[in-house]
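Okay, structure first, notes after.
The values are calculated or read from the model by the stated rules, or taken from the named source; none is laboratory data. None of the values given here were measured: they were computed from a predicted structure. Heads up, the Cβs are rebuilt from the backbone with ideal geometry, glycines too, and the neighbour counts pull from every protein chain shown. Calculation scope for accessible area: heavy atoms of the full protein, side chains included, ligands and nucleic acids excluded. Shrake-Rupley method; radii C 1.70, N 1.55, O 1.52, S 1.80 Å.
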Amino acid sequence: MEHLLKIMTKPDNIPIVLMLGLTIFYTWFAARKGLKNDRQEVSEEAKQADKVQVWPYLVKVEFLGALLVMAILTFWSFGIDAPLEQSANPTLTPNPSKAPWYFLGLQEMLVYFDPWIAGVLVPSLIVFGLCAIPYIDINPKGNGYYTFKERKFAILTFEFGFLLLWVSLIVLGTFFRGPGWNIFMPWEYWDTHRVVALVNVDFSQFFFGVPTRLVDDTLNPMAMLIGSFIVLGWYSLGVAYYIWKRGTPVIRKLGSLRYSIVAFLFLTMMALPIKVILRIALNIKYILVTPWFNI
Amino acid sequence: MLGIVEQLRDKMQRTEVYKSIFRHSYQDTQRNRALQILDNVFLHLHPVRISRHATNIGFTWGMGGITFLLFIILTVTGVILMFYYRPAAEYAYDDMKYLMNDVAFGPLMRNMHRWAAHAMVITVMLHMFRVFLTGSYKAPRQFNWVIGVFLLTLTLFLSFTGYLLPWDQLAIWAVTVGTNMARATPFLGSEGPFGPELGMRIDNDVRFVLLGGTQVGPPTLLRFYVLHCIFLPLIAAVLMTVHFWRIRKDGGISGPDVSTKKF
Ligand code: HEM
C-alpha cells in the first residue's frame, strides 16, 4: 500500500491520476446529460437557444475559469518540484525504461505487436481515423447536444477506443509495469531480478500443430497460408457484413467507400484487444510470419 | 458638487489621449457591451452575442479555452526558461541545476512549465472527447475537427520534444524509447518491413534524420530544442488561429438546430 501511494504521488504521475479522475467524471457527466436529453422531447441545449451578450455573460465565465486554472497551477508548482534525475548517461539504461506517459498505451502494444505495428502503424491509423470521423459518420442527428440514443454506435466505439484502449493502457503502463516490463501490482515491490518464463508459440502451431519454421529454419509455407487465411478472414468479416446488410438504408447511404473505411478501422481497432487476449491467455506470439513482417 | 477625484476623471476622459485609447464609455448599456467586444482585438475573437447554452460550462467543459490558456502560460514561462538554458549537451543539465537551485523563481517557472505541459495534454484530450460527445464535428465543422486532430498531435510532439531538454536520465531514456519506434517504420526504417530491401541502414534511415545520429545524443538535443521552441509552437499558433477563425465562420459553438426541429 505504501508503494502504491509512492507511485501515485510521484510528481510525474500526478497528472495521470488527475487524468483518470477527470475522464471518469466527464464520462459519467456526459452520459447523464445524454440520457436526460434522450428522455425529453426537447434537449436542454435547445431550451437555452436564446441569445445573450458575450460581455459579460461569457467573458465572466472565461475570466473566472482562467483565474481558477492559474491558481491551481500556481499552487501545484509551489508545492511539487518537477523531477530532475541524474545527468544523462547513455551507458546506463534504467529498468524499466518508460516513454512519456501519453505514449504508454503504444508502448504497451509493443508487448503484443512488432514495433512497426505498435509504434508506426497504430499511431498513424489513430490520427487517420480521428481525421476521418466527420466524413464517415454521416448520421446528421446529435449535432450540438448530448445524446446517447441517437448515436449509439458512434459513442460506444469512440469510448471503447478512448477509455479502454487509450486511457486505461496509460494507467496500466504507469502503475502496473515494472522492471523488465513485467506486470507488478501497485503494492508489490519492484524486483529487478524477477524472470517470467515465457513460452510463446505462433497461432498455426497452437491451433493446428503447424510449426512456423521447418527443420532447416526456413519459413513453413503452410503456416504462412494459415496465417494469411486468418488475417484475410478477419477483414472479410467486414465484406460479409456488407453483403448481408447492403440493402439497409444506413449501409446504402454510407456507400461502399465510406463503409470500407469504417469497417477497416473498426476491425483493426477490435483486433488489438483480441491479440492482447490471445497473448495473455494462450501465449500466442504471431498470427502470421512472413520474411518481411510479422503480425 | 463633484468630488475632486470625479472631476479629474471627467477631465481625463475628455482628453484626446484617453479618447484615442478607449473608444467608448463604460456605462452599462447594450451598445457599450457590444462595443466592449468589437473594439478589443483580443475579445474580438468572440461574437457579440451567442446562444445561452454556449456560455454554460456544462456544455463545453471550458476545455478548449483552458487548453489555449495553458498554451499561453507555456509560451510565457518557456520564454523565461530560455534565458537560462543552453541546448548543448555539456551545458544543458548544469543549466537546469542552476535554474532549480540558484535562480530566483527558477523552480516556480520550471514547475509551471512542466505541469502546464502535462495539463495541456490532458485538457486537449478531454476537449476532443467533449467535441465528440456533442457531435460538434458534424457539418459544417468537419474540417475544424481535422485541424483539431493536428493540434492534438502537435501538443503531443511539443510535450515529447520538451521532455528531452533537461538532459537527465529520465529525459534521454524516455526519448530513446519513443524514437526507437522510428526504426521500424515501413520502407523508411532500418528495421521496418521492406526497409533493408530499400537500402535503409541505421545511419541513413528516418530515425537517423530525427536524432541527427544513431543514438540520442548532442545533435538530438539541438534538434529537439529548435523543434520545441520555434518550429512546433509556430505551427501550433498558426493552426490555433485557423481553429478559432473557423469556429466563428462555422456559426459559433455548435448547438441544436432549433429551426428545423432536429433536436
Ligand atoms: C491546442 C489544441 C486546441 C485548442 C487550443 C482548441 C481550442 C478550442 C476552443 C477555445 C474552442 C471553443 C469551444 C470550447 O472551448 O470547447 C474549440 C472548439 C472546437 N474544437 Fe478545439 N482546440 C484544440 C484542439 C482540438 C482538437 C484536438 C479537436 C478535435 C479533434 C478540436 C475540435 C474542435 C471543434 C470541432 C470545435 C467546435 C466545437 C463546437 O462548435 O461545439 N479542437 N477549440
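A few comments on the model shown:
- Considering (1) at the interface with another protein chain (Cβ under 7 Å from one of its Cβ atoms); (2) more than 30 Å from the chain's Cα centre (by Cα); (3) not aliphatic (A, V, I, L, M), the lone condition that A:E85 does not fulfil carries the number (2).
- Only residues that are of a type in the set (S, T, N, Q) and within 6 Å of the ligand (Cβ to nearest atom) were counted across region B:135-151, and they come to 2.
- Against the test of being surrounded by fewer than 22 Cβ atoms within 10 Å (Cβ to Cβ), near the ligand (Cβ under 8 Å from one of its atoms) and more than 23 Å from A:V171 (Cβ to Cβ), the options B:L154, B:L108 yield a single qualifying residue, B:L154.
- Each residue in region A:137-166 was checked for being crowded, with 21+ Cβ neighbours inside 10 Å and touching a helix residue (DSSP H, G or I) at 6+ places or on another chain (Cβ under 6 Å), and 5 pass.
- Breaking point among (1) open to solvent by 50 Å² or more (accessible area, probe 1.4 Å); (2) closer than 30 Å to A:M8 by Cα, for A:T174: (1)
- Selection from region A:21-35 of residues that are touching a helix residue (DSSP H, G or I) at 6+ places or on another chain (Cβ under 7 Å) and surrounded by fewer than 17 Cβ atoms within 10 Å (Cβ to Cβ): A:Y26, A:T27
- Residues that are in contact with a Ser or Thr (Cβ under 7 Å, 6 or more places away or on another chain), under 30 Å from B:M125 (Cα atoms) and more than 16 Å from the ligand (Cβ to nearest atom) are absent from region B:77-93 altogether.
- The conditions of being of a type in the set (F, W, Y), near the ligand (Cβ under 8 Å from one of its atoms) and modelled with pLDDT of 95 or more are not met by B:F160.
- Of the helices (runs of 4 or more DSSP H) lying entirely inside region A:130-226, the ones with 3 or more residues being assigned by TED's automatic domain parsing to the domain that holds A:K275 and either without any contact (Cβ under 8 Å) to a residue 60 or more places away in the chain or touching a His at 6+ places or on another chain (Cβ under 8 Å) (or both) are found at A:203-208.
- Single match in A:V17, A:V42, A:V59, A:V69 (criterion: among the β-branched types (V, I, T), open to solvent by less than 60 Å² (accessible area, probe 1.4 Å) and not in a helix (DSSP H, G or I)): A:V42
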